[in-house]
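J.: Could you have a look at this structure, given as C-alpha coordinates, before my questions?
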Amino acid sequence: MRLDRPPENPGMSRPLTRSRIAAALWEQARAGDYRGAGKAARDALAGARRPAHAATRVELFLVAAFCSMRQGHLADALGDIESAARAGAAPHSMLRVDVWRAELAYFQGRYSEATRLVARVLPELERRGDLVYLAFALRIQITILIARGEHDRALSFGDRAILAAKASGDDYVLVQVLNVLGTVHFDRATANLGAPHARAHLTALDPADMVPMEADAREALRLFRSARDAAERAGYEFAAWYVAGNIERLEILLGRAEHAIHPIRKRLAMLQARGARYDEIVARSNIAWGLRTLGRYDEALHELNVAQTLARETGTANVLLEYLEYDRSVVLGALGDVAGARTSYRRYLQLTGGLNRGEPSPSRPGSAAPARRPLEPYFLKRADRYISEHLRDAFTLPQLAAHCGVSSRTLEKAFSEFRGLTPVAHVRAVRLDHAHRALVASKMPIAEIAVRHGFRSPTTFALEYRKRFGMPPSRTHRDAKR
(Lines give C-alpha, C1' and ligand atoms only; values in the text may rest on other atoms or scores of the structure.)
Protein backbone atom coordinates (compact mmCIF):
# COMPACT_ATOMS: atom_id res chain seq x y z
CA MET A 1 0.00 0.00 0.00
CA ARG A 2 1.35 3.39 -0.94
CA LEU A 3 0.63 5.77 1.89
CA ASP A 4 2.94 8.57 0.88
CA ARG A 5 0.58 9.98 -1.74
CA PRO A 6 -2.05 12.50 -0.65
CA PRO A 7 -5.65 11.39 -1.08
CA GLU A 8 -6.99 12.29 -4.49
CA ASN A 9 -10.29 14.12 -3.96
CA PRO A 10 -11.28 11.82 -1.08
CA GLY A 11 -14.99 12.49 -1.31
CA MET A 12 -16.65 11.14 1.80
CA SER A 13 -14.50 12.98 4.28
CA ARG A 14 -12.43 15.60 2.49
CA PRO A 15 -14.92 16.68 -0.19
CA LEU A 16 -13.75 18.42 -3.32
CA THR A 17 -12.15 21.78 -2.62
CA ARG A 18 -13.78 23.14 -5.80
CA SER A 19 -17.12 23.09 -3.98
CA ARG A 20 -17.46 24.64 -0.60
CA ILE A 21 -21.12 23.67 -0.48
CA ALA A 22 -20.29 19.96 -0.93
CA ALA A 23 -17.69 20.19 1.84
CA ALA A 24 -20.14 21.97 4.14
CA LEU A 25 -22.90 19.45 3.47
CA TRP A 26 -20.62 16.49 4.15
CA GLU A 27 -19.81 18.02 7.53
CA GLN A 28 -23.50 18.66 8.17
CA ALA A 29 -24.29 15.03 7.38
CA ARG A 30 -21.47 13.81 9.62
CA ALA A 31 -22.94 15.87 12.43
CA GLY A 32 -26.07 13.72 12.16
CA ASP A 33 -28.35 16.24 10.43
CA TYR A 34 -29.42 13.77 7.78
CA ARG A 35 -32.66 15.50 6.90
CA GLY A 36 -31.13 18.93 6.57
CA ALA A 37 -28.00 17.87 4.68
CA GLY A 38 -29.93 15.62 2.31
CA LYS A 39 -32.47 18.32 1.50
CA ALA A 40 -29.78 20.94 1.01
CA ALA A 41 -27.85 18.66 -1.36
CA ARG A 42 -30.94 18.04 -3.50
CA ASP A 43 -31.84 21.73 -3.46
CA ALA A 44 -28.34 22.60 -4.68
CA LEU A 45 -28.63 20.09 -7.51
CA ALA A 46 -32.07 21.30 -8.55
CA GLY A 47 -31.52 25.06 -8.24
CA ALA A 48 -30.73 27.61 -10.86
CA ARG A 49 -27.09 27.68 -9.74
CA ARG A 50 -26.63 23.94 -10.14
CA PRO A 51 -22.87 23.14 -9.98
CA ALA A 52 -21.32 22.95 -13.41
CA HIS A 53 -18.46 20.68 -12.39
CA ALA A 54 -19.39 16.98 -12.69
CA ALA A 55 -17.27 15.95 -9.70
CA THR A 56 -19.13 18.42 -7.47
CA ARG A 57 -22.48 17.07 -8.63
CA VAL A 58 -21.28 13.56 -7.81
CA GLU A 59 -20.39 14.66 -4.29
CA LEU A 60 -23.81 16.24 -3.76
CA PHE A 61 -25.59 13.12 -4.98
CA LEU A 62 -23.47 11.02 -2.63
CA VAL A 63 -24.27 13.31 0.31
CA ALA A 64 -27.95 12.77 -0.50
CA ALA A 65 -27.44 9.00 -0.79
CA PHE A 66 -25.64 8.79 2.54
CA CYS A 67 -28.40 10.75 4.28
CA SER A 68 -31.10 8.61 2.66
CA MET A 69 -29.44 5.40 3.82
CA ARG A 70 -29.15 6.54 7.41
CA GLN A 71 -32.84 7.50 7.36
CA GLY A 72 -33.78 4.10 5.94
CA HIS A 73 -34.88 5.49 2.57
CA LEU A 74 -33.01 2.90 0.55
CA ALA A 75 -34.93 3.39 -2.70
CA ASP A 76 -34.08 7.11 -2.62
CA ALA A 77 -30.45 6.27 -1.90
CA LEU A 78 -30.35 4.01 -4.96
CA GLY A 79 -31.74 6.82 -7.11
CA ASP A 80 -29.12 9.25 -5.79
CA ILE A 81 -26.28 6.79 -6.46
CA GLU A 82 -27.47 6.13 -10.00
CA SER A 83 -27.75 9.89 -10.60
CA ALA A 84 -24.16 10.25 -9.39
CA ALA A 85 -23.10 7.54 -11.85
CA ARG A 86 -24.76 9.46 -14.71
CA ALA A 87 -23.07 12.74 -13.80
CA GLY A 88 -20.20 12.05 -16.21
CA ALA A 89 -17.37 12.66 -13.78
CA ALA A 90 -13.80 11.37 -13.98
CA PRO A 91 -12.93 7.70 -13.19
CA HIS A 92 -11.85 8.43 -9.61
CA SER A 93 -15.31 9.81 -8.83
CA MET A 94 -16.93 6.75 -10.38
CA LEU A 95 -14.85 4.56 -8.05
CA ARG A 96 -16.43 6.33 -5.12
CA VAL A 97 -19.86 5.81 -6.59
CA ASP A 98 -19.16 2.06 -6.66
CA VAL A 99 -18.09 2.16 -3.01
CA TRP A 100 -21.45 3.68 -2.11
CA ARG A 101 -23.16 1.03 -4.25
CA ALA A 102 -21.41 -1.55 -2.08
CA GLU A 103 -22.56 0.19 1.10
CA LEU A 104 -26.16 0.21 -0.13
CA ALA A 105 -25.94 -3.47 -1.13
CA TYR A 106 -24.80 -4.24 2.43
CA PHE A 107 -27.75 -2.33 3.90
CA GLN A 108 -30.09 -4.34 1.68
CA GLY A 109 -28.51 -7.67 2.62
CA ARG A 110 -27.11 -8.23 -0.89
CA TYR A 111 -23.74 -9.41 0.37
CA SER A 112 -22.69 -11.07 -2.89
CA GLU A 113 -23.05 -7.80 -4.78
CA ALA A 114 -21.36 -5.79 -2.03
CA THR A 115 -18.45 -8.24 -2.03
CA ARG A 116 -18.07 -8.06 -5.81
CA LEU A 117 -18.02 -4.27 -5.81
CA VAL A 118 -15.49 -4.00 -2.98
CA ALA A 119 -13.18 -6.53 -4.62
CA ARG A 120 -13.31 -4.51 -7.83
CA VAL A 121 -12.57 -1.08 -6.38
CA LEU A 122 -9.94 -1.88 -3.73
CA PRO A 123 -6.92 -2.28 -6.08
CA GLU A 124 -7.72 0.89 -8.01
CA LEU A 125 -8.36 2.96 -4.89
CA GLU A 126 -5.01 1.83 -3.54
CA ARG A 127 -3.26 2.58 -6.82
CA ARG A 128 -4.70 6.09 -6.91
CA GLY A 129 -3.90 6.75 -3.25
CA ASP A 130 -7.53 7.56 -2.41
CA LEU A 131 -6.95 6.60 1.19
CA VAL A 132 -10.24 7.74 2.65
CA TYR A 133 -12.26 5.65 0.25
CA LEU A 134 -9.79 2.79 0.57
CA ALA A 135 -10.43 2.77 4.34
CA PHE A 136 -14.17 3.13 3.72
CA ALA A 137 -14.22 0.16 1.30
CA LEU A 138 -12.24 -1.95 3.76
CA ARG A 139 -14.73 -1.02 6.47
CA ILE A 140 -17.54 -2.32 4.23
CA GLN A 141 -15.60 -5.54 3.68
CA ILE A 142 -15.27 -5.97 7.43
CA THR A 143 -19.01 -5.42 8.00
CA ILE A 144 -19.84 -8.11 5.45
CA LEU A 145 -17.49 -10.54 7.17
CA ILE A 146 -19.13 -9.74 10.52
CA ALA A 147 -22.51 -10.56 9.01
CA ARG A 148 -21.10 -13.86 7.74
CA GLY A 149 -19.65 -14.70 11.17
CA GLU A 150 -16.08 -14.73 9.78
CA HIS A 151 -14.58 -12.76 12.63
CA ASP A 152 -10.95 -13.78 12.22
CA ARG A 153 -11.01 -12.86 8.53
CA ALA A 154 -12.65 -9.55 9.41
CA LEU A 155 -9.83 -8.75 11.81
CA SER A 156 -7.26 -9.62 9.15
CA PHE A 157 -8.29 -6.42 7.33
CA GLY A 158 -8.10 -4.32 10.50
CA ASP A 159 -4.49 -3.13 10.37
CA ARG A 160 -4.77 -2.20 6.72
CA ALA A 161 -7.98 -0.24 7.32
CA ILE A 162 -6.53 1.61 10.34
CA LEU A 163 -3.33 2.42 8.44
CA ALA A 164 -5.26 3.85 5.51
CA ALA A 165 -7.61 5.84 7.77
CA LYS A 166 -4.75 7.33 9.79
CA ALA A 167 -2.69 8.17 6.70
CA SER A 168 -5.69 9.92 5.14
CA GLY A 169 -5.77 12.40 8.01
CA ASP A 170 -9.54 11.99 8.23
CA ASP A 171 -10.66 11.48 11.82
CA TYR A 172 -14.23 10.66 10.87
CA VAL A 173 -13.19 7.67 8.78
CA LEU A 174 -10.82 6.56 11.55
CA VAL A 175 -13.75 6.62 13.97
CA GLN A 176 -15.78 4.42 11.61
CA VAL A 177 -12.95 1.90 11.23
CA LEU A 178 -12.23 1.69 14.98
CA ASN A 179 -15.93 1.33 15.70
CA VAL A 180 -16.43 -1.55 13.25
CA LEU A 181 -13.33 -3.35 14.57
CA GLY A 182 -14.74 -3.02 18.06
CA THR A 183 -17.91 -4.60 16.72
CA VAL A 184 -15.90 -7.55 15.36
CA HIS A 185 -14.53 -8.26 18.84
CA PHE A 186 -17.94 -7.59 20.35
CA ASP A 187 -19.51 -10.27 18.14
CA ARG A 188 -16.56 -12.67 18.16
CA ALA A 189 -16.82 -12.82 21.93
CA THR A 190 -19.68 -15.32 21.62
CA ALA A 191 -17.56 -17.59 19.43
CA ASN A 192 -15.39 -18.25 22.50
CA LEU A 193 -18.33 -19.82 24.30
CA GLY A 194 -18.42 -23.59 24.36
CA ALA A 195 -21.33 -25.80 25.26
CA PRO A 196 -23.79 -25.17 26.73
CA HIS A 197 -23.65 -21.58 25.55
CA ALA A 198 -22.46 -21.84 21.95
CA ARG A 199 -24.29 -18.91 20.43
CA ALA A 200 -23.38 -16.32 17.86
CA HIS A 201 -25.26 -13.13 18.70
CA LEU A 202 -24.74 -10.98 21.75
CA THR A 203 -28.39 -10.22 22.42
CA ALA A 204 -28.90 -13.98 22.77
CA LEU A 205 -26.72 -13.90 25.87
CA ASP A 206 -27.31 -13.36 29.54
CA PRO A 207 -24.73 -11.66 31.80
CA ALA A 208 -23.84 -15.02 33.39
CA ASP A 209 -22.39 -16.09 30.03
CA MET A 210 -19.75 -13.37 30.16
CA VAL A 211 -16.71 -15.12 31.65
CA PRO A 212 -15.40 -17.03 28.58
CA MET A 213 -15.71 -13.94 26.39
CA GLU A 214 -14.07 -11.40 28.66
CA ALA A 215 -10.88 -10.93 26.59
CA ASP A 216 -12.78 -10.03 23.42
CA ALA A 217 -15.20 -7.86 25.36
CA ARG A 218 -12.31 -5.88 26.83
CA GLU A 219 -10.70 -5.43 23.41
CA ALA A 220 -14.04 -4.28 22.03
CA LEU A 221 -14.30 -1.76 24.87
CA ARG A 222 -10.77 -0.49 24.13
CA LEU A 223 -11.57 0.03 20.43
CA PHE A 224 -14.92 1.68 21.14
CA ARG A 225 -13.29 4.08 23.60
CA SER A 226 -10.55 4.88 21.05
CA ALA A 227 -13.25 5.60 18.46
CA ARG A 228 -15.16 7.81 20.88
CA ASP A 229 -12.01 9.71 21.89
CA ALA A 230 -11.03 10.27 18.24
CA ALA A 231 -14.50 11.62 17.50
CA GLU A 232 -14.43 13.95 20.48
CA ARG A 233 -10.96 15.27 19.58
CA ALA A 234 -12.13 16.06 16.06
CA GLY A 235 -15.34 17.70 17.26
CA TYR A 236 -17.66 15.02 15.83
CA GLU A 237 -20.07 14.99 18.75
CA PHE A 238 -22.73 12.93 16.98
CA ALA A 239 -20.23 10.22 16.04
CA ALA A 240 -18.87 10.16 19.61
CA TRP A 241 -22.39 9.89 20.94
CA TYR A 242 -23.16 7.09 18.48
CA VAL A 243 -20.08 5.07 19.48
CA ALA A 244 -21.03 5.54 23.12
CA GLY A 245 -24.05 3.39 22.30
CA ASN A 246 -21.76 0.44 21.71
CA ILE A 247 -20.11 1.04 25.06
CA GLU A 248 -23.57 0.92 26.63
CA ARG A 249 -24.18 -2.45 24.95
CA LEU A 250 -21.13 -3.71 26.80
CA GLU A 251 -22.66 -2.40 30.00
CA ILE A 252 -25.67 -4.64 29.33
CA LEU A 253 -23.43 -7.60 28.69
CA LEU A 254 -21.55 -6.95 31.93
CA GLY A 255 -24.81 -7.07 33.87
CA ARG A 256 -25.41 -3.34 34.26
CA ALA A 257 -28.49 -3.03 32.05
CA GLU A 258 -30.31 -0.75 34.48
CA HIS A 259 -27.56 1.85 33.95
CA ALA A 260 -27.55 1.50 30.16
CA ILE A 261 -31.24 1.64 29.25
CA HIS A 262 -31.85 5.29 30.18
CA PRO A 263 -29.00 6.73 28.06
CA ILE A 264 -30.00 4.50 25.14
CA ARG A 265 -33.54 5.88 25.38
CA LYS A 266 -32.13 9.41 25.29
CA ARG A 267 -30.18 8.41 22.18
CA LEU A 268 -33.35 6.97 20.67
CA ALA A 269 -35.19 10.26 21.09
CA MET A 270 -32.40 12.13 19.34
CA LEU A 271 -32.28 9.59 16.51
CA GLN A 272 -36.02 9.99 15.98
CA ALA A 273 -35.66 13.77 15.89
CA ARG A 274 -32.97 13.43 13.22
CA GLY A 275 -34.88 10.90 11.16
CA ALA A 276 -32.13 8.27 11.55
CA ARG A 277 -34.45 5.29 11.19
CA TYR A 278 -31.80 2.62 10.61
CA ASP A 279 -29.99 3.69 13.77
CA GLU A 280 -33.33 3.74 15.58
CA ILE A 281 -33.76 0.03 14.76
CA VAL A 282 -30.36 -0.73 16.32
CA ALA A 283 -31.15 1.36 19.43
CA ARG A 284 -34.49 -0.33 19.99
CA SER A 285 -32.87 -3.75 19.60
CA ASN A 286 -30.37 -2.82 22.33
CA ILE A 287 -33.09 -1.51 24.64
CA ALA A 288 -35.02 -4.75 24.16
CA TRP A 289 -31.93 -6.76 25.06
CA GLY A 290 -31.40 -4.76 28.25
CA LEU A 291 -35.06 -5.09 29.23
CA ARG A 292 -34.95 -8.84 28.65
CA THR A 293 -31.94 -9.29 30.93
CA LEU A 294 -33.97 -7.46 33.62
CA GLY A 295 -36.97 -9.75 33.08
CA ARG A 296 -39.13 -6.94 31.64
CA TYR A 297 -40.37 -9.04 28.75
CA ASP A 298 -43.52 -7.09 27.80
CA GLU A 299 -41.51 -3.89 27.35
CA ALA A 300 -38.83 -5.78 25.43
CA LEU A 301 -41.42 -7.21 23.05
CA HIS A 302 -42.80 -3.74 22.37
CA GLU A 303 -39.35 -2.44 21.38
CA LEU A 304 -38.72 -5.43 19.13
CA ASN A 305 -42.10 -5.08 17.43
CA VAL A 306 -41.49 -1.40 16.67
CA ALA A 307 -37.95 -2.16 15.43
CA GLN A 308 -39.26 -4.95 13.20
CA THR A 309 -41.90 -2.66 11.70
CA LEU A 310 -39.24 -0.03 10.98
CA ALA A 311 -37.01 -2.66 9.35
CA ARG A 312 -39.82 -3.71 7.02
CA GLU A 313 -40.84 -0.15 6.20
CA THR A 314 -37.27 0.85 5.33
CA GLY A 315 -36.43 -2.30 3.38
CA THR A 316 -33.68 -3.28 5.79
CA ALA A 317 -32.92 -6.89 4.95
CA ASN A 318 -29.45 -7.49 6.35
CA VAL A 319 -28.43 -9.54 9.36
CA LEU A 320 -30.18 -7.10 11.71
CA LEU A 321 -33.59 -8.36 10.57
CA GLU A 322 -32.57 -11.92 11.39
CA TYR A 323 -31.62 -10.99 14.93
CA LEU A 324 -34.85 -9.09 15.50
CA GLU A 325 -36.78 -12.25 14.68
CA TYR A 326 -34.52 -14.35 16.89
CA ASP A 327 -34.82 -11.96 19.83
CA ARG A 328 -38.61 -11.95 19.44
CA SER A 329 -38.63 -15.74 19.67
CA VAL A 330 -36.71 -15.62 22.97
CA VAL A 331 -38.94 -12.92 24.48
CA LEU A 332 -42.17 -14.58 23.33
CA GLY A 333 -40.93 -17.85 24.80
CA ALA A 334 -40.29 -16.13 28.12
CA LEU A 335 -43.84 -14.74 28.03
CA GLY A 336 -45.27 -18.21 27.47
CA ASP A 337 -46.40 -17.55 23.90
CA VAL A 338 -45.06 -20.82 22.54
CA ALA A 339 -46.84 -20.52 19.17
CA GLY A 340 -45.55 -16.99 18.62
CA ALA A 341 -42.04 -17.97 19.66
CA ARG A 342 -42.09 -20.92 17.27
CA THR A 343 -43.25 -18.70 14.40
CA SER A 344 -40.54 -16.09 15.02
CA TYR A 345 -37.84 -18.75 15.25
CA ARG A 346 -38.98 -20.29 11.96
CA ARG A 347 -38.84 -16.87 10.31
CA TYR A 348 -35.35 -16.41 11.70
CA LEU A 349 -34.28 -19.76 10.22
CA GLN A 350 -35.77 -18.79 6.86
CA LEU A 351 -33.85 -15.49 6.87
CA THR A 352 -30.64 -17.22 7.88
CA GLY A 353 -31.08 -19.80 5.15
CA GLY A 354 -31.59 -17.06 2.59
CA LEU A 355 -28.40 -15.36 3.69
CA ASN A 356 -26.31 -18.53 3.65
CA ARG A 357 -27.61 -19.95 0.40
CA GLY A 358 -25.17 -19.44 -2.45
CA GLU A 359 -23.30 -16.52 -0.90
CA PRO A 360 -19.58 -16.35 -1.76
CA SER A 361 -17.05 -15.66 0.94
CA PRO A 362 -16.30 -11.91 1.12
CA SER A 363 -12.61 -12.65 1.58
CA ARG A 364 -12.56 -15.18 -1.26
CA PRO A 365 -15.00 -13.86 -3.87
CA GLY A 366 -14.85 -16.96 -6.02
CA SER A 367 -15.59 -19.41 -3.24
CA ALA A 368 -18.67 -20.38 -1.31
CA ALA A 369 -18.88 -18.99 2.21
CA PRO A 370 -19.29 -21.44 5.08
CA ALA A 371 -22.90 -21.50 6.24
CA ARG A 372 -23.39 -19.78 9.54
CA ARG A 373 -24.74 -22.04 12.22
CA PRO A 374 -28.18 -20.85 13.37
CA LEU A 375 -28.61 -19.67 16.94
CA GLU A 376 -30.06 -22.14 19.40
CA PRO A 377 -33.86 -22.22 19.51
CA TYR A 378 -35.86 -20.07 21.90
CA PHE A 379 -37.14 -23.08 23.87
CA LEU A 380 -33.65 -23.91 25.18
CA LYS A 381 -33.67 -20.57 27.00
CA ARG A 382 -37.13 -21.44 28.29
CA ALA A 383 -35.71 -24.75 29.48
CA ASP A 384 -32.84 -22.90 31.21
CA ARG A 385 -35.28 -20.74 33.16
CA TYR A 386 -37.38 -23.73 34.20
CA ILE A 387 -34.33 -25.69 35.38
CA SER A 388 -33.00 -22.72 37.38
CA GLU A 389 -36.39 -22.25 39.05
CA HIS A 390 -36.76 -25.97 39.89
CA LEU A 391 -33.27 -26.96 41.05
CA ARG A 392 -34.70 -28.68 44.14
CA ASP A 393 -37.62 -30.37 42.41
CA ALA A 394 -37.71 -33.69 40.64
CA PHE A 395 -39.10 -33.44 37.13
CA THR A 396 -39.08 -35.64 34.05
CA LEU A 397 -37.96 -34.98 30.50
CA PRO A 398 -41.58 -35.01 29.25
CA GLN A 399 -42.48 -32.41 31.89
CA LEU A 400 -39.60 -30.16 30.79
CA ALA A 401 -40.51 -30.63 27.14
CA ALA A 402 -44.17 -29.81 27.83
CA HIS A 403 -43.15 -26.61 29.58
CA CYS A 404 -41.08 -25.67 26.51
CA GLY A 405 -43.97 -26.46 24.17
CA VAL A 406 -42.10 -29.12 22.19
CA SER A 407 -41.88 -32.90 22.12
CA SER A 408 -39.31 -34.78 24.18
CA ARG A 409 -37.61 -35.85 20.95
CA THR A 410 -37.35 -32.24 19.71
CA LEU A 411 -35.91 -31.10 23.04
CA GLU A 412 -33.36 -33.92 23.07
CA LYS A 413 -32.35 -33.19 19.48
CA ALA A 414 -31.88 -29.47 20.19
CA PHE A 415 -29.78 -30.10 23.29
CA SER A 416 -27.61 -32.53 21.36
CA GLU A 417 -27.14 -30.26 18.31
CA PHE A 418 -26.62 -26.95 20.09
CA ARG A 419 -25.12 -27.92 23.45
CA GLY A 420 -23.56 -31.28 22.81
CA LEU A 421 -25.24 -33.14 25.66
CA THR A 422 -28.59 -34.62 26.65
CA PRO A 423 -31.20 -32.68 28.63
CA VAL A 424 -30.64 -35.01 31.60
CA ALA A 425 -26.88 -34.38 31.53
CA HIS A 426 -27.48 -30.63 31.25
CA VAL A 427 -29.84 -30.59 34.25
CA ARG A 428 -27.29 -32.56 36.27
CA ALA A 429 -24.48 -30.17 35.31
CA VAL A 430 -26.54 -27.10 36.23
CA ARG A 431 -27.43 -28.58 39.61
CA LEU A 432 -23.82 -29.51 40.32
CA ASP A 433 -22.57 -26.05 39.34
CA HIS A 434 -25.08 -24.36 41.67
CA ALA A 435 -24.21 -26.81 44.42
CA HIS A 436 -20.51 -26.08 43.94
CA ARG A 437 -21.12 -22.36 44.42
CA ALA A 438 -23.16 -23.10 47.53
CA LEU A 439 -20.39 -25.27 48.97
CA VAL A 440 -17.91 -22.43 48.48
CA ALA A 441 -20.14 -19.67 49.83
CA SER A 442 -22.28 -21.38 52.49
CA LYS A 443 -21.72 -23.06 55.86
CA MET A 444 -24.80 -25.20 55.30
CA PRO A 445 -24.30 -28.97 55.78
CA ILE A 446 -23.36 -30.87 52.64
CA ALA A 447 -26.43 -33.12 52.83
CA GLU A 448 -28.73 -30.09 52.90
CA ILE A 449 -26.92 -28.48 49.98
CA ALA A 450 -27.36 -31.71 48.04
CA VAL A 451 -31.12 -31.81 48.73
CA ARG A 452 -31.57 -28.13 47.82
CA HIS A 453 -30.05 -28.86 44.46
CA GLY A 454 -32.10 -31.90 43.54
CA PHE A 455 -29.95 -34.75 44.92
CA ARG A 456 -31.92 -36.93 47.30
CA SER A 457 -28.99 -39.29 47.92
CA PRO A 458 -25.78 -37.88 49.45
CA THR A 459 -23.88 -40.79 47.95
CA THR A 460 -25.10 -40.03 44.42
CA PHE A 461 -24.30 -36.36 44.95
CA ALA A 462 -20.75 -37.16 46.08
CA LEU A 463 -20.13 -39.47 43.10
CA GLU A 464 -21.46 -37.02 40.51
CA TYR A 465 -19.66 -34.10 42.16
CA ARG A 466 -16.32 -35.93 42.03
CA LYS A 467 -16.86 -36.75 38.34
CA ARG A 468 -17.43 -33.08 37.50
CA PHE A 469 -14.93 -31.33 39.78
CA GLY A 470 -12.30 -34.02 40.45
CA MET A 471 -12.69 -33.89 44.22
CA PRO A 472 -15.31 -34.80 46.84
CA PRO A 473 -17.75 -32.08 47.98
CA SER A 474 -16.35 -32.34 51.49
CA ARG A 475 -12.98 -31.06 50.28
CA THR A 476 -14.53 -28.07 48.51
CA HIS A 477 -16.54 -27.28 51.61
CA ARG A 478 -13.52 -27.63 53.88
CA ASP A 479 -11.21 -25.55 51.68
CA ALA A 480 -13.80 -22.77 51.53
CA LYS A 481 -13.80 -22.43 55.32
CA ARG A 482 -10.07 -21.78 55.56
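The values are calculated or read from the model by the stated rules, or taken from the named source; none is laboratory data. Small disclaimer: the values here were computed from a predicted structure and weren't measured. Counting neighbours? That spans all protein chains shown, and the Cβs are built from the backbone with ideal geometry, glycine included. Keep in mind that these areas ignore ligands, DNA and RNA; they rest on the heavy atoms of the full protein, side chains included. Shrake-Rupley method; radii C 1.70, N 1.55, O 1.52, S 1.80 Å.
J.: I'd like to know if segment 78-92 contains one or more residues that are among the aliphatic types (A, V, I, L, M) and either within 22 Å of the chain's Cα centre (by Cα) or under 21 Å from L321 (Cα atoms) (or both).
T.: So far as segment 78-92 goes, yes, one or more of its residues are among the aliphatic types (A, V, I, L, M) and either within 22 Å of the chain's Cα centre (by Cα) or under 21 Å from L321 (Cα atoms) (or both).
J.: While we're here: Scanning for something surrounded by 20 or more Cβ atoms within 10 Å (Cβ to Cβ), over 30 Å from the mean Cα position of the chain (by Cα) and not in a loop (DSSP other than H, G, I, E, B), does segment 448-460 turn up at least one residue?
T.: Scanning segment 448-460, I find at least one residue that is surrounded by 20 or more Cβ atoms within 10 Å (Cβ to Cβ), over 30 Å from the mean Cα position of the chain (by Cα) and not in a loop (DSSP other than H, G, I, E, B), so the answer is yes.
J.: Also: Being in contact (Cβ under 8 Å) with a residue 24 or more places away in the chain and of a type in the set (D, E, K, R) is the filter here; which residues of segment 322-350 pass it?
T.: Across segment 322-350, the qualifying residues are E322, E325, D327, R328, R342.
J.: Here is a further query. From L332, L271, grab the single residue that is of a type in the set (A, V, I, L, M, F, W, C), at pLDDT below 90, open to solvent by less than 30 Å² (accessible area, probe 1.4 Å) and over 17 Å from the mean Cα position of the chain (by Cα).
T.: After ruling out the rest, the residue left standing is L271.
J.: Hey, can you tell me all the residues within segment 249-267 that are buried (at least 20 other Cβ atoms within 10 Å of the Cβ), of a type outside the set (K, R) and at pLDDT 85 or above?
T.: A257, A260, I261, I264
J.: So, one more: What are the residue pairs meeting all of these: first residue in segment 151-179, first residue under 15 Å from Q141 (Cα atoms) and outside any helix (DSSP H, G or I), second residue open to solvent by 30 Å² or more (accessible area, probe 1.4 Å) and at pLDDT below 95, Cβ atoms under 9 Å, and 6 or more apart or on different chains?
T.: Going by the 9 Å Cβ cut-off, the qualifying pairs are F157/S363.
J.: Show the residue pairs that are 6+ apart or on different chains and have beta-carbon atoms under 8 Å apart, the first residue being within segment 110-128 and in contact (Cβ under 8 Å) with a residue 24 or more places away in the chain and farther than 27 Å from L320 by Cβ, the second being among the acidic types (D, E) and open to solvent by 50 Å² or more (accessible area, probe 1.4 Å).
T.: The qualifying pairs are R128/E8.
J.: Out of (1) over 14 Å from A283 (Cα atoms); (2) over 15 Å from the mean Cα position of the chain (by Cα), the odd one out for H302 is which?
T.: Condition not satisfied by H302: (1).
J.: Would you mention how many residues in segment 113-127 are closer than 25 Å to A317 by Cα, open to solvent by 50 Å² or more (accessible area, probe 1.4 Å) and either not basic (K, R) or not in a helix (DSSP H, G or I) (or both)?
T.: 1
J.: Let me ask something additional. Does any residue of segment 146-154 turn out to be of a type in the set (D, E, K, R) and over 15 Å from Y106 (Cβ atoms)?
T.: yes
J.: Evaluate segment 435-446: report whether one residue or more is open to solvent by less than 60 Å² (accessible area, probe 1.4 Å), modelled with pLDDT of 90 or more and not in a helix (DSSP H, G or I).
T.: Scanning segment 435-446 turns up no residue that is open to solvent by less than 60 Å² (accessible area, probe 1.4 Å), modelled with pLDDT of 90 or more and not in a helix (DSSP H, G or I).
J.: With respect to T143, is the statement that it is touching a strand residue (DSSP E or B) at 6+ places or on another chain (Cβ under 9 Å) and β-branched (V, I, T) true?
T.: no
J.: Could you tell me whether K413 is within 30 Å of D187 (Cβ to Cβ) and either open to solvent by 20 Å² or more (accessible area, probe 1.4 Å) or without any contact (Cβ under 8 Å) to a residue 24 or more places away in the chain (or both)?
T.: yes
J.: Counting just the residues of segment 396-419 that are of a type in the set (A, V, I, L, M) and assigned to a helix (DSSP H, G or I), which one comes out modelled with the lowest pLDDT?
T.: Step by step, filter segment 396-419, then rank; the result is A414.
J.: Can you name every residue in segment 395-409 that is surrounded by fewer than 19 Cβ atoms within 10 Å (Cβ to Cβ) and free of Cβ contacts under 8 Å to residues at least 24 places away in the same chain?
T.: Residues satisfying the conditions are F395, T396, P398, Q399, A402, S407, S408, R409.
J.: Sticking with this structure for a sec: What are the pairs, 6+ residues apart or on separate chains, where a residue within segment 274-286 that is touching a residue at least 24 places away in the same chain (Cβ under 8 Å) has its Cβ under 9 Å from a residue that is of a type in the set (S, T, N, Q) and in a loop (DSSP other than H, G, I, E, B)?
T.: Filtered contacts from segment 274-286: R274/Q71; G275/Q71; A276/Q71; R277/Q71; R277/T316; Y278/Q71; Y278/T316; I281/T316.
J.: Evaluate segment 342-355: report whether one residue or more is open to solvent by 40 Å² or more (accessible area, probe 1.4 Å), on the phi > 0 side of the Ramachandran plot and either outside any strand (DSSP E or B) or in contact with a Lys or Arg (Cβ under 6 Å, 6 or more places away or on another chain) (or both).
T.: No: segment 342-355 contains no residue that is open to solvent by 40 Å² or more (accessible area, probe 1.4 Å), on the phi > 0 side of the Ramachandran plot and either outside any strand (DSSP E or B) or in contact with a Lys or Arg (Cβ under 6 Å, 6 or more places away or on another chain) (or both).
J.: Those residues that are closer than 15 Å to E251 by Cβ and assigned to a helix (DSSP H, G or I), I need them from segment 289-309; list them, please.
T.: Hits for segment 289-309 are W289, G290, L291, R292, T293.
J.: Being in a helix (DSSP H, G or I) and open to solvent by 20 Å² or more (accessible area, probe 1.4 Å) narrows it down to one of R428, R392, so name that one.
T.: It is R428.
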